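To keep things clear, I will list the structure first and then write my remarks on it.
Laboratory data are not the source of any read-out in this text; all were calculated from the coordinates shown. From a predicted model like this one, the values you see are computed outputs, not experimental measurements. Cβ placement follows ideal geometry from the backbone for every residue including glycine, while neighbour counts extend to all protein chains displayed.
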């Protein structure tokens with residue numbers, strides 16, 4: 001069968017032929033229709049993600065949309081190695097599939113599942129979000145961040161604050177408050193902290209952070225200086241700033257009501273991730289969330305691999 005094959009660690013996939021999979025007990029055979037590319041999918045496929053545990057060669061792709069033998073449409077995650085989602089067929093644990101509602105097409109489902117799932121899981125399972133709360137989203141102009149704005153609205157957030165580096169994009173998200181920052185200018189961190197202070201004066205219940213780095217420190221520092229006893233669950237989801245480490249003094253946590261947690265592959269169970277996907281699809285079927293996509297053929301995998309993640313590249317199989 002045709003497949004996008006990663007031949008060694010760190011290599012990008014190339015078109016080739018791979019033996020067709022055979023499902024064993026507990027697995028299902030999927031006829032793949034579409035698979036989207038995300039940062040985690042690419043890095044994990046190349047063996048460069050913290051959750052990577054693979055031997056090469058493998059077929060790239062960690063999730064997608066396809067049909068079962070009976071023709072029913074499903075979203076599937078984490079195919080059984082060495083198979084991936086970027087091939088004509090794959091095999092997956094039958095527990096790692098989610099039925100698709102009629103109101104969601106294959107390409108939207110493939111594109112929206114991964115970025116929206118991370119936002120939903122962080123908001124619902126790690127932050128314990130409740131309708132009527134205030135949410136701050138750091139890095140809101142990225143694919144996952146912009147979906148997080150839509151999801152927070154759909155789940156009943158009372159107030160949404162967005163922060164990030166692109167002021168025009170922030171303003172276009174339809175949030176209640178937007179605070180842009182530029183860490184490359186003199187005192188950029190302090191300026192961001194000062195601009196945040198009046199916006200968060202009444203407190204924030206949940207923070208979803210896709211950036212980490214200097215902006216994360218500025219947000220926590222500003223929170224520590226507010227006169228509120230409102231507990232804030234700060235959820236670290238990614239490091240899109242490129243900064244894996246920050247200097248975080250103990251005093252910031254001791255002098256605030258910040259509860260610092262992470263959300264990702266090891267901190268959210270597979271069952272909760274799949275529950276998140278189900279919620280995302282239901283919201284998408286109701287047209288409450290949407291995502292821009294760009295379609296590629298499987299034969300164009302190298303071009304798709306290098307494409308920007310916005311609009312989301314979706315490979316048609």
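At a glance:
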{"quantity": "Distance between modelled label sites at residue 25 and residue 309, nm, 7 Å Cα→Cβ extension", "calculated": "4.0 nm"}
{"quantity": "Alpha-carbon centroid distance for the pair the range 44-79 / the range 108-183, whole angstrom", "calculated": "26 Å"}
{"quantity": "Angle in degrees between helix 143-154 and the longest Cα principal axis of the chain, rounded to the nearest 10", "calculated": "70 degrees"}
{"quantity": "Mean separation of Cα contacts under 8 Å, 6 or more apart, over the residue count of the chain: relative contact order %", "calculated": "19 percent"}
{"quantity": "The range 116-262 shape via C-alpha gyration tensor axes, a/c threshold 1.5", "calculated": "rounded"}
{"quantity": "From the coordinates shown, percent of Cα pairs over 33 Å apart corresponds to which of (i) 48; (ii) 18; (iii) 27", "calculated": "(iii)"}
{"quantity": "Full-stretch length increase - residue 231, residue 186 - with 0.36 nm per residue and alpha-carbon distance subtracted", "calculated": "13.0 nm"}
{"quantity": "Residues listed by number, the range 78-99, amide nitrogen under 15 Å from residue 1 label point at 7 Å toward C-beta", "calculated": "78-94"}
{"quantity": "Nearest 10 degrees, 0 to 90: helix 188-199 Cα axis against the chain principal axis", "calculated": "80 degrees"}
{"quantity": "Inter-probe distance in nm under a simple model that places probes 7 Å from Cα toward Cβ, at residue 300 and residue 12", "calculated": "1.4 nm"}
{"quantity": "Tilt relative to the chain, helix 106-121 - C-alpha long axis, 0 to 90 degrees, to 10", "calculated": "40 degrees"}
{"quantity": "Per-pair calculated FRET efficiency, R0 = 30 Å: residue 288 and residue 166 via Cβ, rounded to 0.05", "calculated": "0.80"}
{"quantity": "Label-point separation in nm, residue 39 to residue 245, each point 7 Å along Cα→Cβ", "calculated": "2.0 nm"}
{"quantity": "Beta bridges by DSSP in the range 175-267, antiparallel share as percent, to the nearest 5", "calculated": "0 percent"}
